[in-house]
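The values are calculated or read from the model by the stated rules, or taken from the named source; none is laboratory data. Since the model is a prediction, treat every value here as computed from it, not as a measurement. Glycine gets a Cβ as well: all are built from the backbone with ideal geometry, and neighbour counts include every protein chain shown.
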Amino acid sequence: MDLFNPRIGWISFIIWFLHVLVCECVPLPDSDPLMYGEVHSPQYPQPYPPNLQKQWDLSVPEGFKISLTFTHLDIEASAGCYYDSITVLYDEKLLGRFCGNENSADGHHPGYQPILSPGNRLTLIFQSDDYNPDRNQNVGFSAQYQAIDIDECSAPEPEDGSGPLCSQICLNTLGSYLCACHHGYELRSDERTCILSCGGGVFDEPEGYLSSPGYPNPSPHALSCQYIISVESGFSVSLNFSDKFHIESVDTEEGQKCLHHWLEVSIPDREPMRLCGGKSPRVIDTNSNIVKLDYHIDDQGQSNGWSLDYSTSRVKCPVPGNVAKGRVTPTLTEYYYRDHIYVRCDQGYKLMMDGQEIKSFSAMCQSNGKWHLPLPECHIIDCGEPDPLLNGGVTFLSGLENQYLSVVQYHCNEPFYSPYGGNNVSLTCEADRHWRSNDEDILRPICLPVCGRPTKPIENAAGRIIGGSEAPKDTIPWQALINTNSRGGGMIIADRWILTAAHVVVASGQVAALESVKIYLGDSDVHQLTASPSLNATAIHVHPEYNNPDSLNYDNDIALIKLQDPVTFDASIMPLCLPAEDDTYDTGLMGMVSGFGVTDKGAQRFLTNKLKYVHVPVAQQERCRESLKGRPGTKTPTLTNNMFCAGIPEGGKDSCQGDSGSAFTLQSENGRFWAAGIVSWGVKCGQRGTYGFYTKVANYIDWINKIMQEN
């Protein structure tokens with residue numbers, strides 16, 4: 001120990017002080033002892049004071065122990081708990097001295113396991129010295145105690161040789177114990193020992209031995225003994241009599257009779273069975289968990305009696321039947337009480353009971369020898385109706401009513417839609433109740449619109465919009481009629497998108513209000529078109545660089561109109577293809593222009609009510625530029641690289657007012673029509689030396705795709 005420790009000088013004083021401290025004891029009330037309670041140090045949970053000794057004397061009723069648990073302990077730590085401590089005593093026996101806390105390196109923490117007293121008393125002594133450097137931290141202790149019943153029956157026999165508490169059966173009770181006797185014995189007045197008796201008794205062990213009083217010697221006269229074997233429900237009692245069996249009987253003309261002496265075996269719900277004579281009945285299977293044996297002897301005659309061993313076995317249940325399309329497990333030759341069976345359906349089948357599907361099935365053999373549930377059925381599963389396919393349908397290839405392993409095939413509504421990837425998709429109803437294809441990446445196909453392939457294509461032929469040819473129905477299915485303040489045209493490029501010229505939807509620098517835009521599709525006759533409700537626009541996207549305040553700048557003359565609702569494509573409404581990378585504007589290529597614009601009839605021009613079309617060739621860009629020169633006193637729009645022109649030098653074939661926004665189409669080698677241009681502007685429709693000018697759609701593919709993807 002450190003010689004300079006200031007506590008060294010106080011040791012003798014502390015020893016003296018502990019002798020003169022007054023012991024403060026807490027008296028318990030005169031009422032019955034408590035069954036539980038709480039003890040804590042003074043001022044807890046505040047730090048405890050110095051120079052303290054306090055004692056608690058705890059007690060619970062006789063027949064109980066005390067279980068003490070420290071819920072919190074924080075006492076100044078020291079080696080051997082020399083300075084501050086809580087001491088636990090039983091009478092004068094030390095059960096423990098504790099200090100420190102659960103994290104301190106020295107000291108002795110009791111932990112959180114209960115401390116058990118040997119008896120119903122316990123003493124706690126708490127002491128502190130006059131020096132506490134951690135007095136602002138050490139808060140003392142808190143403990144809970146409760147009464148715990150003593151199992152007297154499990155205690156060892158006393159060393160004084162007085163024998164066990166009970167000579168046969170000891171029954172522990174709350175705070176005490178009781179003695180009992182085996183069948184054929186009764187308890188003496190000392191309440192501990194047993195003597196032979198022929199009174200009633202119950203045997204509830206799964207096996208045992210019974211015999212008549214005095215067996216194998218003659219039984220006393222005038223006996224009336226009853227034995228009851230009662231084991232757990234679900235078990236069956238079997239009686240196995242020994243060979244030495246003798247109960248007096250009387251021989252009569254009808255045979256051996258049990259008139260004065262007998263052993264009667266009674267089984268519930270059956271006629272009693274009386275046994276007598278000198279022949280052992282050997283084994284009797286009662287098929288019951290309760291058997292009553294009544295042994296009767298009158299005051300005369302002699303019977304040597306009987307003995308038997310009884311055993312129990314579980315009750316049998318019938319072998320369960322079979323389940324179609326399922327399997328019963330486990331497969332056993334015999335089933336007994338508490339055995340379980342399970343039913344699992346074959347793959348593709350589901351468990352059904354009482355018309356309802358169940359997730360699993362098990363049944364238990366009951367104590368009455370019956371299964372607690374009947375067997376279920378296995379029904380084939382169904383995957384439900386295949387998900388509908390937008391712009392397509394489904395055909396059953398095999399199977400019935402969407403059942404397991406049924407096969408369906410999706411198909412698109414051709415020739416207006418085609419499956420993505422080019423092939424129709426077949427799906428099979430799988431065991432997980434989902435329709436699946438062989439290609440796990442494809443759940444169902446996507447039907448893509450077929451563009452630029454009308455069901456009645458127009459062959460290249462002479463004709464004019466200015467006095468041109470009327471388009472038969474379904475020959476130009478991408479044509480749109482757009483009415484704002486004036487008539488214009490457009491082309492369908494997707495189920496919710498119309499491509500048109502910017503100047504169709506822009507007037508005086510302002511984009512037309514959505515409610516003023518009327519869109520008509522699906523017919524070549526204006527009267528038929530306008531007789532049906534128009535389609536509503538939900539957005540108009542004009543190219544951001546279109547600026548044409550004086551009608552002389554048609555650069556970027558392109559706009560997109562988004563429809564409020566998608567349209568379904570058929571023979572009269574089909575989209576026009578957008579330009580592909582290999583599509584070209586070669587000079588001389590014959591294109592087709594269509595529209596509901598101005599046409600001529602002799603010397604007169606008027607707005608047509610029939611869709612017209614004309615075939616005109618793509619002109620050389622330099623010739624287009626030359627056609628705009630040499631017009632003194634007139635202003636003409638500027639030709640840019642975002643435009644091209646088409647027509648013939650001698651005139652007579654051209655687009656005109658009212659055709660604006662309609663399509664100039666070219667046809668690729670595979671017969672696909674594509675949107676090469678948008679009718680934009682011109683000078684004196686159809687006259688010699690003039691051409692029609694068109695927005696070059698190929699220059700705007702990125703912008704078109706961006707608008708449609710983002711909106």
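All but one of (1) touching an Asp or Glu at 6+ places or on another chain (Cβ under 6 Å); (2) touching a residue at least 60 places away in the same chain (Cβ under 8 Å); (3) part of a strand (DSSP E or B) hold for Tyr310, so report the exception by its number.
Just one mismatch for Tyr310, condition (1).
When residues of the range 650-669 are filtered for being under 58 Å from the mean Cα position of the chain (by Cα) and either within 16 Å of Lys612 (Cβ to Cβ) or at pLDDT 90 or above (or both), how many remain?
Looking only at the range 650-669, we keep the residues that are under 58 Å from the mean Cα position of the chain (by Cα), and these are 661-669.
Then keep just the ones that are either within 16 Å of Lys612 (Cβ to Cβ) or at pLDDT 90 or above (or both); that gives 661-668.
Count: 8.
Go through the range 335-358 residue by residue and tally those that are touching an Asp or Glu at 6+ places or on another chain (Cβ under 6 Å) and among the hydroxyl-bearing types (Ser, Thr, Tyr). Full working, then the answer.
At the first step, the residues of the range 335-358 found to be touching an Asp or Glu at 6+ places or on another chain (Cβ under 6 Å) are 350, 352.
Now restrict to residues that are among the hydroxyl-bearing types (Ser, Thr, Tyr): none.
Here the count works out to 0.
Determine the pairs where a residue that is aromatic (Phe, Trp, Tyr), located within the range 275-300, has a partner that is part of a strand (DSSP E or B) with Cβ atoms under 7 Å apart, the partner being 6 or more residues away or on another chain.
Filtered contacts from the range 275-300: Tyr295/Leu223; Tyr295/Cys225; Tyr295/Leu263.
Residue check: is Asp299 in a loop (DSSP other than H, G, I, E, B), more than 32 Å from the chain's Cα centre (by Cα), within 30 Å of Phe245 (Cβ to Cβ) and not assigned by TED's automatic domain parsing to the domain that holds Cys429? Give the derivation first.
Numbers: in a loop (DSSP other than H, G, I, E, B): yes; more than 32 Å from the chain's Cα centre (by Cα): yes; within 30 Å of Phe245 (Cβ to Cβ): yes; not assigned by TED's automatic domain parsing to the domain that holds Cys429: yes.
It is true that Asp299 is in a loop (DSSP other than H, G, I, E, B), more than 32 Å from the chain's Cα centre (by Cα), within 30 Å of Phe245 (Cβ to Cβ) and not assigned by TED's automatic domain parsing to the domain that holds Cys429.
Return a yes/no flag: does the range 337-344 have any residue that is part of a loop (DSSP other than H, G, I, E, B), free of Cβ contacts under 8 Å to residues at least 60 places away in the same chain and not hydrophobic (A, V, I, L, M, F, W, C).
yes
Listed residues Gly80, Gly100; which is over 14 Å from Val39 (Cα atoms), surrounded by fewer than 21 Cβ atoms within 10 Å (Cβ to Cβ) and of a type in the set (Gly, Ala, Ser)?
Details: Gly100 fails: surrounded by fewer than 21 Cβ atoms within 10 Å (Cβ to Cβ).
None of the other options fit; the residue is Gly80.
Conditions: (1) over 60 Å from the mean Cα position of the chain (by Cα); (2) surrounded by fewer than 19 Cβ atoms within 10 Å (Cβ to Cβ); (3) not aliphatic (A, V, I, L, M). Ser233 meets all but one. Number of the miss?
Just one mismatch for Ser233, condition (1).
Scan the range 259-268 and tell me whether some residue there is hydrophobic (A, V, I, L, M, F, W, C), within 60 Å of the chain's Cα centre (by Cα) and closer than 13 Å to Tyr295 by Cα.
Step one: of the range 259-268, the residues hydrophobic (A, V, I, L, M, F, W, C) are 259, 262-263, 265, 267.
Narrowing further to those that are within 60 Å of the chain's Cα centre (by Cα): 265, 267.
Among the residues that remain, those that are also closer than 13 Å to Tyr295 by Cα are: 265.
For the range 259-268, residues hydrophobic (A, V, I, L, M, F, W, C), within 60 Å of the chain's Cα centre (by Cα) and closer than 13 Å to Tyr295 by Cα: present.
How many of the residues in the range 608-638 are at pLDDT below 90, buried (at least 20 other Cβ atoms within 10 Å of the Cβ) and touching a helix residue (DSSP H, G or I) at 6+ places or on another chain (Cβ under 9 Å)?
Count: 1.
Output the residue which, of all residues in the range 533-561 that are under 16 Å from Tyr694 (Cα atoms) and polar (S, T, N, Q), is surrounded by the fewest Cβ atoms within 10 Å (Cβ to Cβ).
Ranking the candidates gives Ser551 first.
For the range 43-56, indicate whether the set of residues that are crowded, with 17+ Cβ neighbours inside 10 Å and of a type in the set (A, V, I, L, M) is non-empty.
Applying the first criterion (crowded, with 17+ Cβ neighbours inside 10 Å) to the range 43-56 yields 47-48, 52, 54, 56.
Now narrow it down to the ones that are of a type in the set (A, V, I, L, M): 52.
Within the range 43-56, one or more residues are crowded, with 17+ Cβ neighbours inside 10 Å and of a type in the set (A, V, I, L, M).
Take the residues of the range 352-366 that are surrounded by 17 or more Cβ atoms within 10 Å (Cβ to Cβ) and touching a residue at least 40 places away in the same chain (Cβ under 8 Å): which is farthest from Val407 (Cα to Cα)?
Cys365
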